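The values are calculated or read from the model by the stated rules, or taken from the named source; none is laboratory data. The structure presented is a predicted model; accordingly, all values stated were derived computationally and were not measured. In this analysis, Cβ positions are derived from the backbone assuming ideal geometry, glycine residues included, and neighbour counts consider all displayed protein chains. Note: areas computed on protein heavy atoms with side chains; ligands, DNA, RNA excluded. Shrake-Rupley method; radii C 1.70, N 1.55, O 1.52, S 1.80 Å.
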Amino acid sequence: RSPADAAVSMRVKDGIRDQCVGQIAEAWFAILEAYHQTDPRLVKGCLVTVARYVTWIDVGLIVNDQFLSAFWSFLSRDD
């Protein structure tokens, strides 16, 4: 990828971090909580999305009591 593309990508990420990543994390958690029993495909998609963001956002938005509790409950499921 070109330096110009990398610069644009960084500006977008900086804007997301500064303006709305907390709201995005809240939406992820709401999806996980609302659909973990009824729509496992949606939950899987949400977790894949979280994985794409977690490397460049504040890890504290994901590694906290709320999310960790949800992750443990997913891991304990048989399906």
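Only the Cβ atoms of Lys and Arg (+1) and of Asp and Glu (-1) were treated as charged; on that basis the dipole of the chain about its Cα centre amounts to roughly 340 debye. Ligands, DNA and RNA are left out, and with a 1.4 angstrom probe the accessible area of the chain is 72 Å² per residue.
The calculated 222 nm mean residue ellipticity attributable to helices in the chain amounts to -23500 deg cm²/dmol, summing -39500 (n - 2.57) over DSSP H runs of n ≥ 4 and dividing by all residues.
The C-alpha atoms of the chain define a longest principal axis, and helix 21-35 lies at about 20 degrees to it.
Could you look at the chain and say what percent of its accessible area is carbon and sulfur, using a 1.4 Å probe and all protein chains? The value for the chain is 56 percent carbon and sulfur by accessible area. The angle separating the long axis of helix 3-19 from the principal Cα axis of greatest extent in the chain is about 50 degrees. Ranking Leu32, Gly45, Ser73 by Cα position along the charge dipole of the range 28-79, where only Lys, Arg, Asp and Glu carry charges on their C-beta atoms, puts Gly45 farthest toward the positive end.
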